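Participant: Please find one structure pasted underneath; my questions will follow.
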Amino acid sequence: MSPVDDALDRMRALCLALPEATERLSHGAPTWFVRDKKTFVTYMDDHHGDGRLAIWCAAAPGAQELLVNEEPERFFVPPYVGHRGWLGVRLDADPDWGELAGIVEDAYRMVAPKRLIGELDERWH
């Protein structure tokens, strides 16, 4: 399996493990939604020739600026959605999959309704 396929499979597993998460192509890229409506993660492979294998995801206020400033080799401001505080996370720079699981869960929590967040919280207790 190629590193690109492996990364997509791992992202798919992380995203689809969340309550009522769905996947479909959006603008040609694998994208995960809450209840097939609100996007929380998009998988990008060499978007418009940028040379990155990455995800773009919803992020808490201030998280994008903090992470991009601390580790610009791993995190970036993605086009189109960066102005809304979304975070770009490189998957081609030896990703920490435990950290990515947390980033994906945080992205989900940014867009999911309270009932689904409650369901997610119940899983951990």
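Participant: Can you tell me how many residues within the stretch 48-83 are assigned to a loop (DSSP other than H, G, I, E, B) and surrounded by fewer than 16 Cβ atoms within 10 Å (Cβ to Cβ)? Even if it seems obvious, please write down each step before you answer.
Facilitator: Start the filter on the stretch 48-83 by keeping residues that are assigned to a loop (DSSP other than H, G, I, E, B), which leaves 50-52, 58-62, 71-74, 77-81.
Remaining after also requiring surrounded by fewer than 16 Cβ atoms within 10 Å (Cβ to Cβ): 50-51, 60-62, 71-73, 79-80.
Going through the stretch 48-83 one residue at a time, the tally reaches 10.
Participant: Now for a different question. Suppose we keep only residues that are touching a residue at least 40 places away in the same chain (Cβ under 8 Å) and open to solvent by 30 Å² or more (accessible area, probe 1.4 Å) within the stretch 1-34. Which one would you say is farthest from residue 88 (Cα to Cα)?
Facilitator: Across the stretch 1-34, the extreme among qualifying residues is 20.
Participant: Of all the residues that make up the stretch 109-125, how many are at pLDDT below 95 and crowded, with 19+ Cβ neighbours inside 10 Å?
Facilitator: Qualifying residue count, the stretch 109-125: 0.
Participant: So which residues in the stretch 81-117 are aromatic (Phe, Trp, Tyr) and out of contact with any strand residue (DSSP E or B) (no Cβ under 8 Å at 6 or more places or on another chain)? Don't jump to the end; show me each part of the working.
Facilitator: Keep residues of the stretch 81-117 that are aromatic (Phe, Trp, Tyr), which gives 86, 97, 108.
Answer for the stretch 81-117, where residues must be aromatic (Phe, Trp, Tyr) and out of contact with any strand residue (DSSP E or B) (no Cβ under 8 Å at 6 or more places or on another chain): just 97.
Participant: Moving to a separate point now. Given the condition open to solvent by 30 Å² or more (accessible area, probe 1.4 Å), modelled with pLDDT of 95 or more and part of a helix (DSSP H, G or I), answer yes or no: does some residue in the stretch 85-98 qualify?
Facilitator: yes
Participant: For residues that are aromatic (Phe, Trp, Tyr), under 20 Å from residue 18 (Cα atoms) and free of Cβ contacts under 8 Å to residues at least 60 places away in the same chain, tally how many sit in the stretch 60-110. Spell out how you get there, then give the answer.
Facilitator: Going residue by residue through the stretch 60-110, those that are aromatic (Phe, Trp, Tyr) are 75-76, 80, 86, 97, 108.
Of the ones still in play, those that are also under 20 Å from residue 18 (Cα atoms) are 86, 97, 108.
Next, from what is left, pick out any that are free of Cβ contacts under 8 Å to residues at least 60 places away in the same chain: 86.
Total satisfying the criteria: 1.
Participant: Something else: Acidic (Asp, Glu) and surrounded by 14 or more Cβ atoms within 10 Å (Cβ to Cβ), is that true of residue 106?
Facilitator: Details: acidic (Asp, Glu): yes; surrounded by 14 or more Cβ atoms within 10 Å (Cβ to Cβ): yes.
Spelling it out, residue 106 is indeed acidic (Asp, Glu) and surrounded by 14 or more Cβ atoms within 10 Å (Cβ to Cβ).
The values are calculated or read from the model by the stated rules, or taken from the named source; none is laboratory data. Remember, predicted model here, so these are calculated numbers, not experimental data. With ideal geometry, Cβ positions are generated from the backbone for all residues, glycine too; neighbour counts draw on all protein chains shown. The protein model used for the area step is the full one, side chains on, heavy atoms only, and it has no ligands, DNA or RNA in it. Shrake-Rupley method; radii C 1.70, N 1.55, O 1.52, S 1.80 Å.
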